[in-house]
1. Run B:LYS60 past the list (1) within 12 Å of chain A (Cβ to nearest Cβ); (2) under 11 Å from the mean Cα position of the chain (by Cα) and report the number of the one that doesn't hold.
2. Does the stretch A:152-180 hold any residues that are closer than 17 Å to A:VAL127 by Cβ and touching a strand residue (DSSP E or B) at 6+ places or on another chain (Cβ under 8 Å), and which are they?
3. Given the options A:ILE397, A:ILE330, name the one that is in contact with a Pro (Cβ under 7 Å, 6 or more places away or on another chain), of a type outside the set (Lys, Arg) and within 30 Å of A:ALA283 (Cβ to Cβ).
4. Restricting the stretch A:175-214 to residues that are within 14 Å of chain B (Cβ to nearest Cβ) and within 17 Å of A:GLY228 (Cβ to Cβ), which is surrounded by the most Cβ atoms within 10 Å (Cβ to Cβ)?
5. Confirm whether A:VAL256 is buried (at least 17 other Cβ atoms within 10 Å of the Cβ), without any contact (Cβ under 8 Å) to a residue 40 or more places away in the chain and not basic (Lys, Arg).
6. Would you check if A:ASP120 is among the charged types (D, E, K, R) and under 23 Å from B:PRO34 (Cα atoms)?
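The values are calculated or read from the model by the stated rules, or taken from the named source; none is laboratory data. Note that the structure is predicted; figures quoted are calculated from it, not measured. Because the Cβ atoms are built from the backbone with ideal geometry, glycine has one as well, and the counts that use them run over all protein chains shown.
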Amino acid sequence: MTTRLGRYRRGTAKQVVAVLGASALLLAACNTDGDTSLGGEIDDTGGDTGGDAEEPGGTDEEPVAAPGDGEELVIGRISALEGAFAASAEDGERTVQMVLEEFGNEVAGRPIRTIVESSDTTPETAVDRARKLVEQDGVHIIHGPLSGGEGAALADYAKSVPHVTFVDAASGGTATTLADPSDNYFRWHSEGAMWTSPLGAYTAEELGYTNIATLAEDYAFPHSQVGGFLESYCAAGGEVAQTFWVPLGESDYSSVIASIPSDIDAMFVSVGGSDAVDFLTQAEEFGLDVPIIGGSILVTEDVLSSEGDVRASSDGIVSSGPIPPATAEIPEWQDFQQAYRDANPDAFDTPTLQAVLYYNSFKSLLLAIEENDGVVEEDDGASLRETMSNLTWDSPIGSLQLNENRQAETSIFIYDVVDDGDEDLGTRLINTAEGVQQGTENWGRLDGCP
Amino acid sequence: MSQLIDTKRRRTNWVAFGIVLALLIVFPFVVPRPQFWVVSVGLRSLWLGIVSMSLIWLAKTTGMLSLGQLTFWGVSGYMVAALSTTGDMHYGLSLPLAVLAGTAVGFLVALICVRTQGVYFLMLTLAVSQLGYFLVLQAASLTGGFEGIGGIRRPELFGLSFNDRNVLYFVALAAAVGCYLLCRYIARTPFGLALEGVRDSPERMQALGYNVYWYRVAAFTFSSFLASISGVLALFYHGRITPGAVDMVRSVDVLIVSVLGGIGSIAGAFLGSTGLTILQNFSQHPAIPVRRLTLTGVIFVLVLLFFPGGIVGLSDQARRAWTRFRGRGETSDDDPEQEEPGQEAAGTGTAAARG
């Protein structure tokens, strides 16, 4: 560490050579940009209009395309291919590919090219990727992200680039479309609080659990899940003994499991991805013996078919979410699963929740573009967004349309996990809650009944 | 004779520095797609370079390799955000306060950490940075938890708005140049020379009457001061601050930047930060089959194994490899600073393995 450093103390000239070489690569023909705004977030309380949220105009050097003349359409995609949800994000790639194949890799006569940027569930990375897509690659459409925290940050960023249309891939944080929603941010699936709201009432009324504890990851999406769950659960008379919060990516649940009160009826757990696998294996190891009510990504396909020993603790978990369980007798849903299996014989038996949402959101995007005759860039996406706001179509999980916050409201399916003797655990539909609406609360971190 | 060479070399260095500075000044005006290059590459490289420079300066001057620089970076960033966004404090007050707070935290951490050495120091500073991460994640009422504090209103100074990317770029550039010059200046003060003595032989310095412990504390505090400045700039770059900015991956990023640029060179910090920023922005090219994180890790390992001097040391390394190749084992005499025999053998071994 010490003497080897000494050799490099001199030689700034050599540093210059390195820098000059790099600069030579960077300095290309001049094309100065008149507008130099950073496009920062708007702060409503400031009331200051100077310099906020201007369009980074003039960055587009794309040639103007007439509708349907075959001009390539570039779609930017941000997916959490790194981090706790990598498995689901990869599954999402498969279903997006299914959509592209359905459309023949083109829409309204325009060939499609996607640029996939990977994020890692942190908001900064998602915004950095979005900046790169918008400012370096010049995209007018962004499909993504996966994770709740990223969604909130991207919706914020969306306000500073109004010519870009954002279609949420799978993120479920409530704030994204509730707290001052952006005009150019669309979400074709319901959000976290909506997914657990019927489950709360079901837990108190049908299952008869009146004293529970909750465990969830400490970011936007699980905040919404716990919020939605507790709102209806507490309204139905249930009580909360304690709430536990762990960071996203937490792999050690021993201390949490040890601190769980012994007199509770059940435990509501909203963790997902690799965290879910870790929790379920450790629940078995450390002897968690209360029934578990699952959040929407606790016992999805990627978790149930994972390598860990989740069988014992997953059996009997009741959960709810926007997609039906694999065995549900809904024809379009069964057809879709079959198509998924045919296209991806080496993947899961049934698509993960995120993958289904990716499919629906990406297909909604392409359907809107098709209905808008491929007009995207010329009017800064205004007609596309108009078309998308009014679009309605039948997806594998039901009819989709958007409310006034550009947020979809779909049915929620309550299901439980069953051990039917197969190699992997299966799921069984218990109840369907139709037309669950977007709530009014922007759930933060709760420490008890709201 | 050596003094003459030294003066000439120093003059060359300053000329080189001037050229680089001139290039960096015209950069925003000649580069295509400035909204991307000035902001996502230029600005990011500058603040990332400053925090890496704090790591490199500390490692180079005192031999203490710290993985905790982002703690102080985070403290100052969060403080500005909390005071001026959630609160209503004027930036003229919150900015100095935040840098002061970051430095103060650095001082407190130093009091404990500098009692250890080597890998223990590294682990302790890593633990401190993780402490900082979990603190900002849990203290949701102060720091906004996972979502952090967003919607940062950028300030306006002397009629220049920080919302203008060129203004922010030049402020960052001025800060970077200022920090760099400060580091160079300190190296030539009695304080800086004493630090090098402490690095090379703390027992001898102690015997000479220098209070080694307080010198180390002072050095660590200075490096936390640099990191705090970077934290403020980064806050305006991102427009938000979340725990995701101070987690373990980001701490390791700072280390990667330092090694990539050249852990023996302060200016190398900026080369490393530019390199990593460009890598992270362009690694999704279809021709590259691995994920960005994997690619970063692979490059880090490759640099550590085969290019220990980083980008800065590349020309030196090439020259030495060429000399070895030509001379077939003759050592070159014109290099006044020789490595220790053990390291020389290791270097030769690596070069021979490659060549």
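1. Here B:LYS60 meets the rest and fails (2).
2. Passing the criteria: A:LEU154, A:ALA155, A:ALA158, A:VAL164, A:THR165, A:PHE166, A:VAL167, A:ASP168, A:ALA169, A:SER171, A:THR176.
3. Details: A:ILE330 fails: within 30 Å of A:ALA283 (Cβ to Cβ).
Answer to the check: A:ILE397.
4. Our first condition is that a residue be within 14 Å of chain B (Cβ to nearest Cβ); within the stretch A:175-214, this holds for A:175-176, A:178-180, A:182, A:192.
Then drop every residue that is not within 17 Å of A:GLY228 (Cβ to Cβ), which leaves A:175-176, A:178-179, A:192.
Details: A:ALA175: 22, A:THR176: 33, A:LEU178: 20, A:ALA179: 13, A:GLY192: 31.
The selected residue is A:THR176.
5. Values: buried (at least 17 other Cβ atoms within 10 Å of the Cβ): yes; without any contact (Cβ under 8 Å) to a residue 40 or more places away in the chain: no; not basic (Lys, Arg): yes.
In short, no.
6. On the way: among the charged types (D, E, K, R): yes; under 23 Å from B:PRO34 (Cα atoms): no.
Considered against the rule, which asks whether it is among the charged types (D, E, K, R) and under 23 Å from B:PRO34 (Cα atoms), A:ASP120 comes out as no.
Let's see how each residue does on (1) touching a residue at least 60 places away in the same chain (Cβ under 8 Å); (2) of a type in the set (Gly, Ala, Ser); (3) surrounded by fewer than 24 Cβ atoms within 10 Å (Cβ to Cβ):
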{"residue": "A:GLY138", "(1), (2), (3)": "yes, yes, yes"}
{"residue": "A:GLY148", "(1), (2), (3)": "yes, yes, no"}
{"residue": "A:ALA152", "(1), (2), (3)": "yes, yes, no"}
{"residue": "A:HIS163", "(1), (2), (3)": "yes, no, yes"}
{"residue": "A:SER171", "(1), (2), (3)": "no, yes, no"}
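Listed here are the residues, each with its yes/no results for (1) farther than 15 Å from B:GLY77 by Cβ; (2) among the basic types (Lys, Arg); (3) assigned by TED's automatic domain parsing to the domain that holds B:SER45; (4) out of contact with any helix residue (DSSP H, G or I) (no Cβ under 8 Å at 6 or more places or on another chain).
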{"position": "B:LEU137", "(1), (2), (3), (4)": "no, no, yes, no"}
{"position": "B:THR143", "(1), (2), (3), (4)": "no, no, yes, no"}
{"position": "B:PHE146", "(1), (2), (3), (4)": "yes, no, yes, no"}
{"position": "B:ILE149", "(1), (2), (3), (4)": "no, no, yes, no"}
{"position": "B:ILE152", "(1), (2), (3), (4)": "no, no, yes, no"}
{"position": "B:GLU156", "(1), (2), (3), (4)": "yes, no, yes, yes"}
{"position": "B:ASN163", "(1), (2), (3), (4)": "yes, no, yes, yes"}
{"position": "B:TYR169", "(1), (2), (3), (4)": "yes, no, yes, no"}
{"position": "B:LEU173", "(1), (2), (3), (4)": "yes, no, yes, no"}
